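Remarks on the structure that follows.
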Amino acid sequence: MTVFAELSSPQVAELSAGPRTPVLLLPVGAVEPHGPHAPLGTDELISAGMCTRAADRLAGDPDVHVLVLPALAYGVTNFGAAFAGAVSIGADTLRALVVDVCRSLAGQGLGRIVVVNNHFEPAHVKALRAAVDEAGVAYLDLLRRANVARLTDEFRTGSCHAGQYETSLVLADRPELVDAAVMRELPEVTVDMPAAMSAGHADFAAMGMDRAYCGSPAGATAGEGKSTFDTLTDLLVEIVRKVGRS
Ligand SMILES: [Zn+2]
C-alpha cells in the first residue's frame, strides 16, 4: 500500500486517522534527450526509483506511512531543445502544477510532502524551489554540498548528463531502455556544466555536448546504479523522517 493512486478513496480517508504519519513523495523528472543511448525519461525513472525504494524500506515503519504520488513527468528543459524528443513546459506552469497538487493534498490533511527531483537545469530547479516555498512542503536538494559529497565521483565533478552516473541508474532498473552497444562506444566528454551555465551557455551544443551527454556513459554498470540508488534512498529516508516528525 505505498502507491497513492492505487488506493481507494476510503483508504485515503483512513490515512490520517491511523497511528502512522502519512508522508507523500512527489517524483519529478523531465522529458529530455539523454545522449544517443539512454531514454528521454531518465530523470523521472531515477526519481520514481528512489521514491519506490524509500517507500519499500519504510513499509513496516511504526512512525511514518510513505506513499508515492503519480510522477510529474514534464519539466523545464530548454538546454536540450535542439535535440529530438525534448518536451519542455514553462517555469510558471511547473511551479503552478506543483503548488496546486500540494495544496490539494494539504487540504485533505496530507500536507507532509517531499518533492524528489533529478533534473537539474537551473530554471527547472528554481521553479521547484519557488513551488515548495509557496506550498510549504519539503524539497530533497541533491545539489546541496553535503548530499553531493555522498554521491559518485562523476556526479561530484558536475560533468554528468547521461554519463556514468545516470546511465548506471537506468541500467539498475530498466536495462532494456539503454542501448548498450551504442553506450560502450561513446567517448568520455568532459563539460563542467555548472561553469558552462555560469558562463551563459544555455544549450547542450554550446556547452560542447553535441550528442546530448557528458561524462562517461561507457563506464556505466547496473552495480553502480544499485549502489547509487541505495545512497539516494538513504538521503530520501532521512528527509522523510524529518518531515514525519514536523
Ligand atoms: Zn538526467
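Counting each DSSP H run of 4 or more residues in the chain as -39500 (n - 2.57), what helix-only mean residue ellipticity at 222 nm follows after dividing by all residues, to the nearest 500 deg cm²/dmol?
Calculated at 222 nm, the ellipticity per residue is -13000 deg cm²/dmol.
With only alpha-carbon pairs counted, each pair once and no self-pairs, how large is the Kirkwood hydrodynamic radius of the range 107-246 in angstroms?
16.5
What span do the alpha-carbon atoms of the range 49-170 cover on each of the three principal axes, reported in whole Å from largest to smallest?
For the range 49-170, the Cα spread along each principal axis is 42, 32, 26 Å.
With a 1.4 Å probe and every protein chain left in place, work out the accessible area per residue of the range 1-50 in Å², rounded to a whole number.
37
At 1.4 Å probe size, with the rest of the protein present, what percent of the exposed accessible area of the range 6-115 is carbon and sulfur atoms?
In the range 6-115, the share of accessible area belonging to carbon and sulfur is 54 percent.
Of the beta bridges DSSP finds with both residues in the range 1-85, what % are antiparallel, to the nearest 5?
Counting DSSP beta bridges with both partners in the range 1-85, the antiparallel share is about 10 percent.
What is the calculated FRET efficiency for Arg20 to Arg150, with r their C-beta to C-beta distance and R₀ = 35 Å, to the nearest 0.05?
0.80
Could you tell me which of Ala196, Met207, Thr228 has its Cα farthest along the dipole of the chain towards the positive end, charges placed at Cβ (Lys, Arg +1; Asp, Glu -1), taken about the Cα centre?
Thr228
Using a simple charge model, +1 on the beta-carbon of Lys and Arg, -1 on the beta-carbon of Asp and Glu, nothing else, what dipole does the chain show about its Cα centre, in debye to the nearest 20?
Rounded to the nearest 20 debye, it is 700 debye.
Search the structure for amide H atoms under 5 Å from the amide H of Val64, placed 1.01 Å from N in the peptide plane, and list their residues when 5 or more places away or on another chain.
Thr21
Would you please put 217-227, 7-17, 82-92, 45-55 in order of how densely packed they are, using the mean number of other Cβ atoms within 10 angstrom per residue and starting with the highest?
Packing proxy ranking, top to bottom: 45-55, 217-227, 82-92, 7-17.
Restricting attention to the alpha-carbon atoms of the range 172-218, what are Rg (one decimal) and Dmax (integer), both in Å?
Looking at the range 172-218, its Cα Rg and Dmax stand at 12.8, 37 Å.
Can you tell me the 0 to 90 degree angle between the C-alpha axis of helix 91-106 and the longest principal axis of the chain, rounded to 10?
Result, in degrees: 20.
If we restrict to alpha carbons, what Rg and Dmax does the chain come to, in Å?
17.9, 55
Enumerate the amide H contacts of Val116 below 5 Å, restricted to partners 5 or more residues apart or on another chain; note that Pro and chain-start residues carry no placed amide H.
Leu26, Val28
With all pairs of different alpha carbon atoms counted, what Kirkwood hydrodynamic radius in Å does the range 77-125 show?
With all distinct Cα pairs of the range 77-125 included, I get 12.5 Å.
Answer with one residue from Ala13, Leu45, Tyr139: the one whose Cα lies farthest towards the positive end of the charge dipole of the chain, charges on Cβ with Lys, Arg +1 and Asp, Glu -1.
Ala13
Near the amide H of Thr221, under 5 Å away, which other amide H atoms are found, from residues 5 or more places off or on another chain, if H is placed in the peptide plane?
Ser168
Report the FRET efficiency, 1/(1 + (r/R0)^6), for Ala199 and Ala96, where r is their Cβ-Cβ distance and R0 is 35 Å, rounded to 0.05.
It comes out at approximately 0.70.
Under a plain spin-label model, where a point goes 7 Å from the Cα along Cα-to-Cβ, how far apart in nm are Glu188 and Ala84?
Here the answer is 3.1 nm between the modelled labels.
For labels at Lys226 and Ala13 in the simple 7 Å Cα→Cβ model, what's the distance in nm?
In this crude spin-label approximation the distance works out to 4.4 nm.
The values are calculated or read from the model by the stated rules, or taken from the named source; none is laboratory data. Computed from a predicted model, the values in this text were never measured in an experiment. A quick note on method: Cβ atoms are made from the backbone with ideal geometry, for glycine too, and the neighbour counts reach across all protein chains shown. Accessible surface areas use protein heavy atoms only, side chains included; no ligands, DNA or RNA. Shrake-Rupley method; radii C 1.70, N 1.55, O 1.52, S 1.80 Å.
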